[in-house]
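Trainee: One structure coming up, written as structure tokens, with questions to follow.
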């Protein structure tokens, strides 16, 4: 990403978190790059989730534009791990979008924003949380606070919700869901389980948990890999013939590393890999764009990238089109 554009973008992001020294939360009514007042209720703030290390989780809370006192409340987490949840707000289900246009680099200019009328917040209130500590604007005053894993970050999110609902009791009666995508597929069920255990134990506040939802979740390596072939067939990326060949001859094989002695399976998987090279894996409906820098692979690991990619260094690929975006480019944590 262009350094000047990145600096403008970071300025825009920082405008979300201008909080007075006395306040834990702030109401954001306008943003650089957006014309006029925001047409929805946006609150941002920090919640302490680890007193010992001074760990704080940052959140964006957007009230439903329908009936916020009756519509469901969703906690939303994103992948990475340690990607900023701002990626979900701006690129997935939030009410803001970037205006897709070339950046002219004018002094003081910031990327323009527009209202997205088909966001989830038309019918639900969403708490977007930068989690775990170290993602986005979430931080720890003690470096040891960044040493969190799947279990500890799930417990911190449960602490976050306990404190958040204590400060926002008007939403306790609303139906509540835990949601997330990608890496958050490992966290979301844990958080829902912890909330359920608190409810059974009679702990207050009582969150009105109704379920959880995950999109393209990471669950476990074997399960995730084995599910790709049926999924690719179901959405029409691979033919019936290739699907049937794989299912018949690759039974019990690792799809990512088939036994080379199983010639029919190995050849079928080579065809599958060739097809996958033609699409953008993270979102098959998006265009496949060039990366400005090479991505790691078997040939560029173990310190050999300068030996293997000298051609790319001498003749770099063209800059991506303005409407291209990638998960690594929007993991702003």
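Trainee: Output the residues belonging to the range 259-292 that are farther than 30 Å from residue 91 by Cα and under 31 Å from the mean Cα position of the chain (by Cα).
Mentor: Filtering the range 259-292 down to residues farther than 30 Å from residue 91 by Cα leaves 259-271.
Listed by number, the residues that qualify are 269, 270, 271.
Trainee: Right, residue 124: modelled with pLDDT of 95 or more, in the same structural domain as residue 68 (by TED's automatic domain parsing) and surrounded by 23 or more Cβ atoms within 10 Å (Cβ to Cβ) or not?
Mentor: Working: modelled with pLDDT of 95 or more: yes; in the same structural domain as residue 68 (by TED's automatic domain parsing): yes; surrounded by 23 or more Cβ atoms within 10 Å (Cβ to Cβ): yes.
In short, yes.
Trainee: If you check residue 114 against the conditions, is it outside any loop (DSSP other than H, G, I, E, B), without any contact (Cβ under 8 Å) to a residue 60 or more places away in the chain and surrounded by fewer than 19 Cβ atoms within 10 Å (Cβ to Cβ)? Please lay out each step first, then the result.
Mentor: Details: outside any loop (DSSP other than H, G, I, E, B): yes; without any contact (Cβ under 8 Å) to a residue 60 or more places away in the chain: no; surrounded by fewer than 19 Cβ atoms within 10 Å (Cβ to Cβ): yes.
Criteria not met by residue 114.
Trainee: Right, here's the next one. Taking the range 172-184 as the search range and keeping residues that are under 14 Å from residue 157 (Cβ atoms) and in a helix (DSSP H, G or I), which one is modelled with the highest pLDDT? First the steps, then the outcome.
Mentor: Initially, the range 172-184 is screened for residues under 14 Å from residue 157 (Cβ atoms), giving 176-180, 183-184.
Now restrict to residues that are in a helix (DSSP H, G or I): 183-184.
On the way: 183: 89, 184: 92.
Out of the qualifying residues, it is 184.
Trainee: So how many residues does the range 161-175 have that are more than 20 Å from residue 67 (Cα to Cα) and surrounded by fewer than 17 Cβ atoms within 10 Å (Cβ to Cβ)?
Mentor: Going through the range 161-175 one residue at a time, the tally reaches 2.
Trainee: Check residue 51 against each of (1) farther than 28 Å from residue 148 by Cβ; (2) modelled with pLDDT of 90 or more; (3) out of contact with any strand residue (DSSP E or B) (no Cβ under 8 Å at 6 or more places or on another chain) and name the one condition it does not meet.
Mentor: Residue 51 satisfies all of (1) farther than 28 Å from residue 148 by Cβ; (2) modelled with pLDDT of 90 or more; (3) out of contact with any strand residue (DSSP E or B) (no Cβ under 8 Å at 6 or more places or on another chain) except (1).
Trainee: Would a scan of the range 244-266 turn up a residue that is under 30 Å from residue 193 (Cα atoms) and not in a helix (DSSP H, G or I)? First the steps, then the outcome.
Mentor: Within the range 244-266, the subset under 30 Å from residue 193 (Cα atoms) is none.
Taking every residue of the range 244-266 in turn, none turns out to be under 30 Å from residue 193 (Cα atoms) and not in a helix (DSSP H, G or I).
Trainee: Continuing with the same structure: Taking residue 237, is it part of a loop (DSSP other than H, G, I, E, B), surrounded by 15 or more Cβ atoms within 10 Å (Cβ to Cβ), at pLDDT below 95 and assigned by TED's automatic domain parsing to the domain that holds residue 286? If you could, list the steps in order and put the result at the bottom.
Mentor: Details: part of a loop (DSSP other than H, G, I, E, B): yes; surrounded by 15 or more Cβ atoms within 10 Å (Cβ to Cβ): yes; at pLDDT below 95: yes; assigned by TED's automatic domain parsing to the domain that holds residue 286: yes.
Spelling it out, residue 237 is indeed part of a loop (DSSP other than H, G, I, E, B), surrounded by 15 or more Cβ atoms within 10 Å (Cβ to Cβ), at pLDDT below 95 and assigned by TED's automatic domain parsing to the domain that holds residue 286.
Trainee: So residue 251 fits all but one of (1) exposed (fewer than 12 other Cβ atoms within 10 Å of the Cβ); (2) at pLDDT below 60; what number is the exception?
Mentor: For residue 251, the exception is condition (2).
Trainee: Here is a list: 157, 203, 232, 225. Which entry is crowded, with 17+ Cβ neighbours inside 10 Å and either over 18 Å from the mean Cα position of the chain (by Cα) or at pLDDT below 95 (or both)?
Mentor: Details: 157 fails: either over 18 Å from the mean Cα position of the chain (by Cα) or at pLDDT below 95 (or both); 203 fails: crowded, with 17+ Cβ neighbours inside 10 Å; 225 fails: crowded, with 17+ Cβ neighbours inside 10 Å.
Just one listed residue meets the conditions, 232.
The values are calculated or read from the model by the stated rules, or taken from the named source; none is laboratory data. Keep in mind that what you see is a predicted model, and the values were worked out from it rather than measured. Backbone-built Cβ (ideal geometry, glycine too); neighbour counts: all protein chains shown.
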